[in-house]
Amino acid sequence: MAATRALIVEDNALNRRLLVGQLEAMGYETAVAHDGVEGWDILSREGQRFDVVLLDRRMPNMDGMEVLARIKASPTLQALPVIMQTAADSQQEIIEGIKAGVYYYLTKPFEPAVLLSVTASAVADYARYRSLQRDVDQRTQGLGLMHEGTFRFRTVREGRDLSVILASAMPHPQRAVIGLSELMINAVEHGNLGITYDEKSVLLKERRMEQEMVDRLARPEYRAKLVEVAFERHADRLMVTITDEGEGFDWQRYMEMDPTRVFDTHGRGIALAHDLSFDALEYRGRGNQVVATVMVGRAPVKDETAGETTAPVSLGDLSEGVSNDMRLSAMHARLRDTRQDLEAFKARLAQDLTAAREMQQDLLPPPQLLTDLQARFQVRLDSHFETSSELGGDLFGLRGLDEHRIALWMVDFSGHGVSAALNTFRLHTLLEDMVDGMDQPGVFLTRLNNRLSGLLSTGQYATALYGVVDLEADCLTYAAAAAPSPLFVSLADGTVTAGLGAGLPLGVMSGVDYDTRTAPFPRGSLLFLYSDALLECGRETGDDLGKQGVRRLLSESAVAQGEGFTLARFLEPFFAKVSRPLSDDLTALACLRPADAAA
């Protein structure tokens, strides 16, 4: 069975890593695009190979809404489920997305359980639609001669089969079968079997939905209930009337997606049928009868004369304008009155941030520690730490474990500023208390993740690499959590070898096991660890280094500097291309092993 494929279109590197880590941990295959332009390029070439698209709303070059519009305009892609990612408080954006055809949503920061449930729901819906469409393709057009007919069915399976039969009579059967299937399933589940929306939510969560339907179909009160379907062919339209024996429901709220329901795992069928499958959808009576209409023989007529009209201005409109002016004047007055208070607050905040920054600097290894480790282990150590704002979310550290092993680590928390900086203080406290087991990177990172999972707020996480340099074994053993790959470079010829930085970010979920990996680290070579700012700063102007750029720069610098390598000289070309302050926190750590131990 082919793996489920997800395309992630997201411009934020940490969010990309989080999504990739979560989905791959659940068995999905993933492909990534860094912005809308790259995302659409992938979709236009191989969109039919994907089962779901996770699309960020706000991106440079081409935003998520434009990508969505192109998907919906493509006959081959319009049914592909799109999960739109947006900020938690942007209800207007959610409404706009719904109107544009988004039926699945995720809010930032991501909740792992919601991410996985919504993605699984979108994939399952799409698999069902594609199965229906394949069945439509295999049917003959026998109903093309039928003028009218009446059908009755009892089960969801029978309704599915009937939807395939009736769709084959439609001018666009691939679209029609989706809507017909949704309406017939609704007639059985919510109509004849009386399963409410809330009941279905619980049954799906507990994976008991299918068994519940089997049980209800066997009960005397439901056993004899049927759904009746009437098919009518007219000169200009096809009509399908579906009537169940249920009590009806409040159908108005389901004709369009409701922002309060976009995060649920179901409840999209009627809106999808209304938007995608039919020219008209009309519920009658108490809601137990629905009429779906498809126009035939002519294109839908658009009233070209309809345009913007100028409505007469009423006294209410004028009073509204006056009221707005008054509110605006009052607002200006309040702003003037509070300016001095704001300036005083700004001064106090600057003082507090300066103090906090000094405290954060104190978390980093002091220069004397690096000097002592260099003398003890006959290596050369160099570091660079630079925040994108007054406070940052990066942290690195080193510790001598015994006479021939050095532990080193680098962690990058999601976000910037105060919240990210607070997490570095939490991490520093944890590390001070976790001195045991530091010689086993996989075990150590697993323990650290379990601790952080209970401390970090929802949506917060960290990428990390923890390693142990073994000078006797000439290797680095390490474990990684969605970190940039560790790089090893030969000082003799500049050959760069990359380790593996993949792994689920820390703090996302507890109980994850991290593997210990091993890479050669002989004399005459340099180990380089860095945060993703080195890869991505400058992307807005096209000056980002990217993976290949970092490796090329490292190779050239290693050959040019040799054993006199310093990060200051290595980073000069990078800082010449990007503006400061940087768009992300930058941390770099170099460990150089001279060819001669006495050097």
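The values are calculated or read from the model by the stated rules, or taken from the named source; none is laboratory data. These numbers were taken from a predicted model, which means no experiment stands behind them. Note that we place each Cβ from the backbone using ideal geometry, even for glycine, and neighbour counts take in every protein chain shown. These area figures cover heavy atoms from the full protein model, side chains too; ligands, DNA and RNA do not enter into them. Shrake-Rupley method; radii C 1.70, N 1.55, O 1.52, S 1.80 Å.
Numbers below:
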| quantity | calculated |
| --- | --- |
| Residue count for region 488-506, restricted to those that are surrounded by 23 or more Cβ atoms within 10 Å (Cβ to Cβ), touching a Gly at 6+ places or on another chain (Cβ under 8 Å) and closer than 26 Å to Glu556 by Cβ | 0 |
| Restricting region 513-526 to residues that are over 31 Å from the mean Cα position of the chain (by Cα) and part of a loop (DSSP other than H, G, I, E, B), the residue that is surrounded by the fewest Cβ atoms within 10 Å (Cβ to Cβ) | Pro522 |
| Segments classed as helices (runs of 4 or more DSSP H), wholly inside region 182-261, with at least 2 members that are open to solvent by less than 60 Å² (accessible area, probe 1.4 Å) and not aromatic (Phe, Trp, Tyr) | 197-205, 209-218 |
| Exclusive hit being open to solvent by less than 70 Å² (accessible area, probe 1.4 Å) and touching an Asp or Glu at 6+ places or on another chain (Cβ under 6 Å), set Leu529, Leu545, Leu567 | Leu567 |
| Residue within region 284-301 that is more than 30 Å from Ala100 (Cα to Cα) and modelled with pLDDT of 85 or more present | no |
| Residue satisfying all of: in region 406-420; closer than 14 Å to Val435 by Cα and touching a residue at least 60 places away in the same chain (Cβ under 8 Å); surrounded by the most Cβ atoms within 10 Å (Cβ to Cβ) among these | Leu408 |
| Complete set of residues in region 132-166 that are exposed (fewer than 15 other Cβ atoms within 10 Å of the Cβ), modelled with pLDDT under 80 and assigned to a helix (DSSP H, G or I) | Arg134, Asp137, Gln138, Gly142, Gly144, Leu145 |
| All positions within region 21-64 that are open to solvent by 10 Å² or more (accessible area, probe 1.4 Å), closer than 16 Å to Ala79 by Cα and of a type outside the set (Asp, Glu) | Trp40, Ser44, Gln48, Arg49 |
| Selected residue (criterion: nearest to Pro484 (Cα to Cα)) from residues of region 384-413 that are outside any strand (DSSP E or B) and touching a strand residue (DSSP E or B) at 6+ places or on another chain (Cβ under 7 Å) | Gly393 |
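For every residue, the table says whether it meets (1) in a loop (DSSP other than H, G, I, E, B); (2) without any contact (Cβ under 8 Å) to a residue 24 or more places away in the chain; (3) among the hydroxyl-bearing types (Ser, Thr, Tyr); (4) closer than 21 Å to Ser121 by Cβ.
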position	(1), (2), (3), (4)
Leu7	no, no, no, yes
Leu14	no, no, no, no
Gly21	no, no, no, yes
Trp40	no, no, no, no
Glu46	no, yes, no, no
